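One structure below.
The values are calculated or read from the model by the stated rules, or taken from the named source; none is laboratory data. Just so it is clear, the structure is predicted and the values come from calculations on it, not from any experiment. All Cβ positions, glycine included, derive from the backbone under ideal geometry; neighbour counts span all protein chains shown.
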Amino acid sequence: MAGGFVSQTPGVRNYNYKLTPKVFVTCFIGAFGGLIFGYDLGISGGVTQMEPFLEEFFPDVHRKMKSAHQNEYCRFDSQLLTLFTSSLYLAALVSSLFASTITRVFGRKWSMFLGGFTFFVGSAFNGFAQNIAMLLIGRILLGFGVGVGFANQSVPVYLSEMAPPNLRGAFNNGFQVAIIFGIVVATIINYFTAQLKGNIGWRISLGLACAKQMLQSIRGTNEVDEEFQDLIDASEESKQVKHPWKNILLPRYRPQLIITCFIPFFQQLTGINVITFYAPVLFQTLGFGSKASLLSAMVTGIIELLCTFVSVFTVDRFGRRVLFLQGGIQMLISQIAIGVMIGVKFGTVGTGNIGKTDANLIVALICIYVAGFAWSWGPLGWLVPSEISPLEIRSAAQGINVAVNMFFTFLVAQLFLTMLCHMKFRLFFFFAVFVFIMTIFIYLMLPETKNVPIEEMNRVWKAHWFWGRFIPDEAVGVSAAEMQQKSV
Ligand code: BGC
């Protein structure tokens with residue numbers, strides 16, 4: 001069907017799903033957004049365990065890190081240190097709520113410029129930081145740049161809309177591939193800059209965010225303006241629809257509303273960002289040296305990247321449910337095993353030593369956990385919300401998806417180190433409980449959406465044992481555009 005499917009639905013965006021070079025270029029540009037987001041996700045973890053960085057800004061944490069009599073679980077417990085990581089996501093959340101107003105008032109080009117400029121100033125603040133205030137202001141500005149920069153709002157929707165239904169999963173997964181690529185680049189940069197003497201290492205790591213942003217601005221505004229425009233239009237078009245926020249509260253959109261709230265919530269409650277943000281800190285907690293910790297973070301990043309391709313190549317063949325369920329079970333088992341191993345080695349007192357073999361075994365278990373996430377909740381966390389909603393609620397649904405995701409990214413980033421200090425190895429069981437619940441949720445509540453054209457999703461809901469009752473009979477076989485007309 002690739003290259004030939006034409007949407008028959010009157011009034012619905014009428015892509016004819018041709019995989020033209022222009023579509024590829026546009027997807028490529030869109031992927032840049034994911035790359036920058038990934039760099040931000042991946043860079044802070046390594047920096048927060050570089051000694052010169054801690055010595056300069058968080059001397060208390062540095063002292064605890066060096067102390068021989070310290071409870072291992074609490075070495076890095078500091079609300080200020082976690083705020084350095086988490087503040088970016090809070091700012092991204094707030095700014096994403098205003099993104100569409102900003103575009104309306106300033107126009108698209110100026111909004112993009114504003115996003116890019118904020119990002120640039122934020123990286124400069126971080127790279128040249130002299131005190132914690134400058135660090136935090138820098139992170140907040142980066143967050144505004146990310147939020148105003150639209151990537152998370154528009155790219156997944158664009159990719160899902162452009163793709164032929166039978167390749168939609170693979171196309172959409174490109175966004176996650178770009179995110180993880182950004183994370184891997186960040187861990188590699190951290191590994192090498194950490195070898196530099198003095199303060200220069202972390203300054204380069206943090207400052208480099210702006211080099212990428214400049215690259216994107218230049219490309220976005222000059223060379224491939226038209227494609228970028230297309231990308232933004234995709235989300236803009238859905239914004240032309242009247243009352244998306246009112247519509248989404250109608251009973252017949254209950255399935256989309258609930259699933260769009262729960263998917264990003266569950267994605268963050270897998271605990272993945274414990275690894276993304278704090279893998280180097282976690283590895284140090286387990287007794288690894290700084291260099292070995294950064295290396296291990298790099299390895300888990302590369303594994304996550306490679307395993308994301310498992311989803312790219314299977315999501316349209318085996319479907320979303322199989323990946324969700326298999327990945328969930330894999331994460332559940334590995335999390336329990338990690339908790340048990342850490343519990344046995346450090347107990348609740350948090351003292352003890354871990355031998356080389358056991359340390360390697362824990363790293364291997366973390367890799368198995370990351371692999372499970374990489375072909376399930378990682379890519380599908382962006383794919384499913386972008387494909388289940390018809391045009392008349394799509395902008396509201398995507399807004400909810402991004403906001404919930406950012407809020408829980410913020411919470412996990414802010415609370416993890418304190419939770420580790422208090423809950424100790426049981427923290428891994430805490431996340432395992434959520435993985436168990438979300439796997440059951442998928443099993444019971446998420447119908448299979450592979451290969452179904454977005455405009456025909458109503459049939460899928462109607463056939464579902466639970467959601468079917470919310471879908472009026474006349475909605476099945478009725479086009480999205482006609483439903484929109486009925487609802488006004
Ligand atoms: C999640 C991020 C996460 C990343 C890498 C994304 O899908 O939204 O929170 O850091 O995957 O694991």
Scope the range 312-328; condition surrounded by 15 or more Cβ atoms within 10 Å (Cβ to Cβ) and assigned to a helix (DSSP H, G or I); matching residues: Val312, Thr314, Arg320, Arg321, Val322, Leu323, Phe324, Leu325, Gln326, Gly327, Gly328
Pair list, Cβ < 9 Å and 6+ apart or interchain, from the range 401-415 residues that are in contact (Cβ under 8 Å) with a residue 60 or more places away in the chain and at negative phi to residues that are small (Gly, Ala, Ser) and not in a helix (DSSP H, G or I): Val412/Gly271
Leading residue by the ranking (nearest to the ligand (Cβ to nearest atom)) among those in the range 380-393 that are farther than 26 Å from Leu88 by Cβ and part of a helix (DSSP H, G or I): Glu387
Test result for Lys356, more than 13 Å from the ligand (Cβ to nearest atom), touching a Gly at 6+ places or on another chain (Cβ under 7 Å) and at pLDDT below 95: no
Near pairs, Cβ below 7 angstrom, 6+ apart or cross-chain, from the range 266-292 (more than 20 Å from Ile43 (Cβ to Cβ)) to any residue that is away from the ligand (no atom under 11 Å from the Cβ) and of a type in the set (Val, Ile, Thr): Thr270/Val435; Leu286/Ile354; Leu286/Ile362; Gly287/Ile354
Residue match in the range 378-389 (condition: at pLDDT below 90 and charged (D, E, K, R)): no
Search result, residues across the range 47-61 that are touching a residue at least 40 places away in the same chain (Cβ under 8 Å), assigned to a helix (DSSP H, G or I) and surrounded by 16 or more Cβ atoms within 10 Å (Cβ to Cβ): Val47, Pro52, Phe53, Glu56, Phe57
Test: Thr300 is within 16 Å of the ligand (Cβ to nearest atom) and modelled with pLDDT under 95: yes
Any hit, the range 314-323, residues being more than 26 Å from Ser160 (Cα to Cα) and in contact (Cβ under 8 Å) with a residue 60 or more places away in the chain: no
Trp377 under 23 Å from His464 (Cβ atoms), within 15 Å of the ligand (Cβ to nearest atom) and touching a Ser or Thr at 6+ places or on another chain (Cβ under 7 Å): yes
Scope the range 23-55; condition among the acidic types (Asp, Glu) and either modelled with pLDDT under 85 or closer than 10 Å to Ala186 by Cα (or both); matching residues: Asp40
Breaking point among (1) surrounded by 16 or more Cβ atoms within 10 Å (Cβ to Cβ); (2) modelled with pLDDT of 95 or more; (3) under 23 Å from Ile180 (Cα atoms), for Ser293: (2)
Output for the range 270-292, where each listed residue is more than 11 Å from the ligand (Cβ to nearest atom) and part of a helix (DSSP H, G or I): Tyr278, Pro280, Val281, Leu282, Phe283, Gln284, Thr285, Ser290, Lys291, Ala292
Residue count for the range 394-420, restricted to those that are away from the ligand (no atom under 11 Å from the Cβ) and under 18 Å from Leu159 (Cβ atoms): 5
Near pairs, Cβ below 7 angstrom, 6+ apart or cross-chain, from the range 62-91 (within 22 Å of Ala133 (Cα to Cα)) to any residue that is charged (D, E, K, R) and assigned to a helix (DSSP H, G or I): His62/Glu51; His62/Glu55; Ser78/Asp60; Phe84/Arg139; Ser87/Arg139; Leu88/Asp40; Leu88/Arg139
Members of the range 388-440 found to be surrounded by fewer than 18 Cβ atoms within 10 Å (Cβ to Cβ) and among the polar types (S, T, N, Q), listed by number: Thr418
